[in-house]
Amino acid sequence: MTKCPLLLISSVILLTDVLSGCPPKCLCNRFLKTVDCRNRGLVEVPSHLPAETQILLLSNNRIQKISQSAFVDTLALKILDLSNNSITGLLPGTFKELQHLQILNLTKNFIEYVDNKTFSSLSRLKELDLSSNNILSMPGTLGKNTGNITLLSMKHNKLQKVDRLLLESLPNLKVVLFKGNFWQCNCQVFGLKLWLESFLYRGGISDSIICSAPDHRKGKDLLRIPYELYGICPPTASDVHQANALHYTSEHKSSPKLAHHNEHGGDSSRSHCEPKPKPRPVSLRHAIATVVITGVVCGIVCLMMLAAAVYGCAYAAITAKYHREKNPSGKEKRSLEEKESFERSLA
């Protein structure tokens, strides 16, 4: 009767050696430095966690928001699992105290937006899993201190594109996962295609990007679409506005007379508002006429060259014939003289 209770007590001591100050509903292990709060129906991160905690498991709860002071007491935290909760957003300073965090699991939540400062303080972060959320877009960078990330998962979100600069800011990236998004395979995804090909060539690991739009590319692998089919993106309205602003500024800097005229009350609006002559569009008829004229000129030149070649050949043939007719008569004359001298010698 005494052996069973002793065995049970020893097992509990070995498996769940409870630390002082362990939060209610959680199990704390002193040797593994782990706090296990999974499947406890929690609506917020427990407070007063043991300071030496390195692994905090909070999956399968009902946590919706995380305060900026939630992890103030767990500066040694290395692994944080917040998967399968109801988190809708993350404040920029949520993880600012976790200087030693290496693995962050945020899968199966309702996150829609990721701020570029949310993970900027996690200088030792290696694995970031954002799968199965409602993320519509990713920032251009995750922060200047996130260069140690080796795994980034964005599977099963609502992403249509990812900025190439984001991926290039992660030089140690080894695994990146994209599938299950609404990828727009148009001209704007061309940079992502180039980066992904280079990444795979360097030995990186990635799943496939399957196009959702446009319709004629739906279901196709991004890497299997030839470059020639993308074309060049037309300039947006903001690009045109910015270009016009730069052009206007450069004109003012390079036209001191105009500036002087404006200072003296001249009508500056007239010079900028007058309609400028539009460049004449290229006429198809003019293009065809140019091609025809060029062809005729080339043909005439070729005929002239051919006539010159024929004339040269004819002249060479006549000259050769003349020399052939002239040389045999000289030989016969010499042979006749030799014959007469021979006969005289015999006589």
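Some observations on this one:
- Percent carbon-and-sulfur accessible area, region 154-216, ignoring ligands, DNA and RNA, probe 1.4 Å: 55 percent
- Base-10 log of normalised Debye intensity for region 61-198 (one unit scatterer per alpha-carbon) at q = 0.10, 0.11, 0.17 Å⁻¹: -0.31, -0.38, -0.91
- Radius 12 Å from Cβ of Asp129, net charge of other residues (Lys, Arg +1; Asp, Glu -1): +1
- With the largest listed first and rounded to whole Å, the semi-axes of the equivalent ellipsoid of region 44-92 from the Cα gyration tensor are 18, 12, 9.
- Pairs from the list Lys25/Lys126; Lys161/Lys220; Lys108/Lys174 with a Cα-Cα gap above 19 Å: Lys25/Lys126; Lys108/Lys174.
- Residue-count net charge about Ile225 - beta-carbon cut-off 9 Å; Lys, Arg +1, Asp, Glu -1: +3
- Accessible-area value, Cys22, 1.4 Å probe, nucleic acids and ligands omitted, Å²: 30 Å²
- Per-residue ³J(HN,Hα) for region 28-40, Karplus 6.51 cos²θ - 1.76 cosθ + 1.60, θ = phi - 60°, Hz, x for Gly and Pro: 10, 10, 5, 6, 8, 6, 10, 10, 9, 10, 6, 6, 10
- Residue ranges 199-210, 174-185 sort as 174-185, 199-210 when ordered by packing (mean number of other C-beta atoms within 10 Å per residue, highest first).
- Relative packing of peptides 313-321, 103-111 - highest average C-beta neighbours within 10 Å first: 103-111, 313-321
- Fraction of accessible area attributable to carbon and sulfur, region 112-152 (%, probe 1.4 Å): 43 percent
- Positive minus negative residues near Leu177 (Lys, Arg vs Asp, Glu; Cβ under 10 Å): 0
- Residues in region 63-195 average 43 Å² of solvent-accessible surface per residue, probe 1.4 Å, ligands and nucleic acids excluded.
The values are calculated or read from the model by the stated rules, or taken from the named source; none is laboratory data. All of these numbers come straight from a predicted model, not from anything done at the bench. So basically every Cβ, Gly included, is an ideal-geometry build from the backbone, and we count neighbours across all protein chains shown. Only protein heavy atoms, including side chains, enter the accessible area calculation; ligands, DNA and RNA are left aside. Shrake-Rupley method; radii C 1.70, N 1.55, O 1.52, S 1.80 Å.
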